[in-house]
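Beneath this line is the structure, given in structure tokens, with notes to follow.
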Amino acid sequence: MAELTREEQEAVAIGDYKYGFHDEVTSVFDMRRGLDEAVVREISAHKNEPEWMTEFRVKSYQHFLKRPLPQWGADLGTIDFDNIYYYLKPVEQQAKTWDDLPPGMRETWDKLGIPEAEKKYLAGVGAQYESEVVYHNLQEDLAKQGVVFLDMDSGLREHEDLVRQYFGTIIPYNDNKFAALNSAVWSGGSFIYVPPGVKVELPLQAYFRINAENMGQFERTLIIVDKDAYVHYVEGCTAPIYSTDSLHSAVVEIHVAEGGRCRYTTIQNWSTNVYNLVTKRAVAERNATMEWVDGNLGSQITMKYPAVILNGEGARGEVLSIAFAGKGQHQDAGGKITHAAPNTSSVITSKSISKDGGRSSYRGLLQVNEGAVGSKSKVVCDALIIDEDSRTDTYPYINIDENDVEIGHEATVSKIGEEQLFYLMSRGLSEEEASAMIVSGFVEPITKELPLEYAVELNRLIQLQMEGSVG
Amino acid sequence: MPDLIIRNLHASIDGAEILKGVDLELSKGEVHAIMGPNGSGKSTLAHVLMGHPAYEVTDGEVVFQGEQVLELEPDERARLGLFLAFQYPSSIPGVTVANFLRLAVNAQRRGADGEENPIRIPEFRGMLQENMDALKIDRSMTSRYLNDGFSGGEKKRMEMLQMAMLRPQIAILDETDSGLDIDALRIVSDGVNRLVGPEMGALVITHYSRLLKYIQPHHIHVLVDGRIVRSAGPELADELEREGYAPYGVQEAAV
């Protein structure tokens, strides 16, 4: 991977990344840099957590210490764990309206240009859709139906039994080094519960923003979709450009009960000084459906492989992954599916783009357990390389322990052809426009799966990434 | 002064000289045909005029309405009013015909200072439907991906649709007749004839004279070994049909 000098990073920031500003919000409570058991206990104490959670954190911290860095995937040896702030509390209490936020922070949300819908969510109230504040109405309506949509800390306070039943069961604290770290110092994230039969028609949204330098953000999300229920959860993320690194390490656990369906969409646009090391896993019970739509455009290094365990007969899992690796970026992304029950089906579709020396890797695991008869799976990974300096790799791991299955795997690598560019340019499109058009066509099989607003946003981010890449 | 002037044009690819001094003048309202045997440089001429990066121009100039064309990128040439109908158009998977055409039309409408002047959607839709009807193109084609899985005939019609939408001043048609049956040939020819006039001239490149039964050229030029060896009126087509390129020292079956 190409190393960037400080000047180059800033040039990249000015040229391509429009969310690289930060505001001067002073936190009301912050931990010292670095991590030890006292910090872990202090976070828990500060949050007035039940003892089982404190013990869970400490146990996780001890595992984090013992666990070596992964020796595969991207190079993580450059992370300076002692230089990171593990907990920063920006405001005394959750605001009920945008106006209750400190002016600097309020301005950030405005400047981010996040749709009104998302802003209103962060104030814990509602969001506007078209000309109506539909989210607010919906939320009241959904709350009456028993839907819970809270930040994770409130979720723990208000629904401790439910949290305790699932928390850390889908992704155990010792799953990997970064899951252990998150389990030790987690803060924030979403807690969602959708009762049986309730269909949440509009997406629930979360937006993650890092503001401080050397920040570690460790949100923790737990989504429980009960029988025959449906929810679509969307997350977005950005951060300021700094010359030193920040760390984002989330854990997302999802349980989809019989006949339920959950779709989880990420449009990740971290600045290029963020390490994005996230563990996401879902369990789908009988006839349930889990879909991950995972867009990785930002960050310095991303390692993320959303997983589905197909645990009940007839369960369906899908991973749609887009990775865009520009200058100085390494996107190591993909998906994991485990067929643990008969007649389960899965699809992994991965599209990666590498440009300006960027590196993208598809890393996937397809596991079919013995007894998962009649399982069907299809894996398609396509890579597009914009220029000679860039790189793409494919690591498709497939373990099949059952004979009666149907498995398909296809992989392609292509380059933007001179003839395609010439053809489009001969119609008046500039080289940048022509390249961007080819790229947006390349990812179209995934963008067409997104609600229109997010498809537009994703295309816009791809256009921004393509700008300045040629000429 | 003619709209397009080609003077002593030399061009090579991978070090091999293909065009060895081409001279030609063409104005709006005129149809010129370039005929020649395989390998004579016809397609090279078309690509060099549009600015294909694989070709190196080693001598000569191309002037379009007073502007030096050879300095310009293909998109700048397009915005000036040049158009190339490709013999083998590229396919662009994932990009619909409608979306592509709208962006191309908007690129064409952009001001010299780069200022956008996007076409209004209803106007675009009307223009698109009118041109598709004229070219007998099924409307469902707008939601297909550009040239992706198109038959040979569909690709040629798509080239004609683009020409009609972009309204060039000079259209270069590179072997647009190759691989077409008579019906398709007629549709393509109608597409060209509909636009040729005070607003547009055409340079029709073809190996066979049959296209010239449908598109009447004012002038025919014979290109052999990178040079125009003969220019005459439309009657030259009959002569070439009878005698082939043998009189020019080329052993090839009759055209």
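The values are calculated or read from the model by the stated rules, or taken from the named source; none is laboratory data. Being a predicted model, the structure only gives us computed values, none of them experimental. Here the Cβ positions follow ideal geometry from the backbone for every residue, glycine too, while neighbour counts run over all protein chains shown.
Within this structure, residue A:209 fails the test of being out of contact with any Gly (no Cβ under 7 Å at 6 or more places or on another chain), at pLDDT below 70 and crowded, with 16+ Cβ neighbours inside 10 Å. Would you check if there is a residue in the stretch A:268-279 being in a strand (DSSP E or B), modelled with pLDDT of 95 or more, over 21 Å from residue A:183 (Cα atoms) and among the aliphatic types (A, V, I, L, M)? No, because not a single residue in the stretch A:268-279 is in a strand (DSSP E or B), modelled with pLDDT of 95 or more, over 21 Å from residue A:183 (Cα atoms) and among the aliphatic types (A, V, I, L, M).
Of the candidates A:289, A:279, the single residue that is free of Cβ contacts under 8 Å to residues at least 40 places away in the same chain and among the hydroxyl-bearing types (Ser, Thr, Tyr) is A:289.
Within the bounds of the stretch A:418-435, is there any residue that is within 14 Å of chain B (Cβ to nearest Cβ) and closer than 28 Å to residue A:73 by Cα?
Filtering the stretch A:418-435 down to residues within 14 Å of chain B (Cβ to nearest Cβ) leaves A:418-435.
Right, trim to closer than 28 Å to residue A:73 by Cα and you get none.
Checked against the condition, which is being within 14 Å of chain B (Cβ to nearest Cβ) and closer than 28 Å to residue A:73 by Cα, the stretch A:418-435 yields no hits at all.
Restricting to the stretch B:19-41, what's the tally of residues that are among the aliphatic types (A, V, I, L, M), surrounded by fewer than 23 Cβ atoms within 10 Å (Cβ to Cβ) and farther than 28 Å from residue B:195 by Cα? Adding up the residues that qualify gives 0. Taken over the stretch B:61-77, the residue count meeting the criterion of being in contact with a helix residue (DSSP H, G or I) (Cβ under 7 Å, 6 or more places away or on another chain) and facing chain A (nearest Cβ under 9 Å) is 4. Residue-level check: of (1) facing another protein chain (nearest Cβ under 8 Å); (2) under 18 Å from the mean Cα position of the chain (by Cα); (3) not acidic (Asp, Glu), residue B:103 misses just (2). Can you pull out every residue in the stretch A:254-263 that is in contact with a strand residue (DSSP E or B) (Cβ under 6 Å, 6 or more places away or on another chain) and surrounded by fewer than 22 Cβ atoms within 10 Å (Cβ to Cβ)? If the condition is that a residue be in contact with a strand residue (DSSP E or B) (Cβ under 6 Å, 6 or more places away or on another chain) and surrounded by fewer than 22 Cβ atoms within 10 Å (Cβ to Cβ), then A:261, A:263 are the ones that fit.
Condition check: part of a loop (DSSP other than H, G, I, E, B) and at pLDDT 80 or above. Does residue A:155 satisfy that?
no
The selection criterion, being touching a Pro at 6+ places or on another chain (Cβ under 7 Å) and either farther than 21 Å from residue B:182 by Cα or within 12 Å of chain A (Cβ to nearest Cβ) (or both), holds for residue B:159. Residues of the stretch A:435-463 that are modelled with pLDDT under 80 and more than 20 Å from the chain's Cα centre (by Cα): A:463 alone. Restricting attention to the stretch A:445-468, does a residue exist that is surrounded by 23 or more Cβ atoms within 10 Å (Cβ to Cβ) and either of a type in the set (Gly, Ala, Ser) or within 9 Å of chain B (Cβ to nearest Cβ) (or both)? Within the stretch A:445-468, one or more residues are surrounded by 23 or more Cβ atoms within 10 Å (Cβ to Cβ) and either of a type in the set (Gly, Ala, Ser) or within 9 Å of chain B (Cβ to nearest Cβ) (or both). Considering the stretch B:167-184, and only residues there that are away from chain A (no Cβ under 14 Å) and surrounded by 18 or more Cβ atoms within 10 Å (Cβ to Cβ), the residue that is farthest from residue B:51 (Cα to Cα) turns out to be B:184. Here is the figure for the stretch A:280-305: residues that are at pLDDT below 95 and in a loop (DSSP other than H, G, I, E, B) total 4.
Condition check for residue B:164 on (1) touching a strand residue (DSSP E or B) at 6+ places or on another chain (Cβ under 9 Å); (2) within 14 Å of chain A (Cβ to nearest Cβ): one failure, at (1).
Tell me, which residue of the stretch B:87-134 that is in contact with a strand residue (DSSP E or B) (Cβ under 8 Å, 6 or more places away or on another chain) and outside any helix (DSSP H, G or I) is farthest from residue A:456 (Cα to Cα)?
The residue in question is B:87.
Residue selection: residue A:375 fails the criterion of being surrounded by 24 or more Cβ atoms within 10 Å (Cβ to Cβ), at pLDDT 95 or above, within 13 Å of chain B (Cβ to nearest Cβ) and in contact with a His (Cβ under 9 Å, 6 or more places away or on another chain). Considered as a group, the residues in the stretch B:78-100 that are in contact with a Ser or Thr (Cβ under 6 Å, 6 or more places away or on another chain) and at the interface with chain A (Cβ under 7 Å from one of its Cβ atoms) include one that is farthest from residue A:428 (Cα to Cα), and that residue is B:84.
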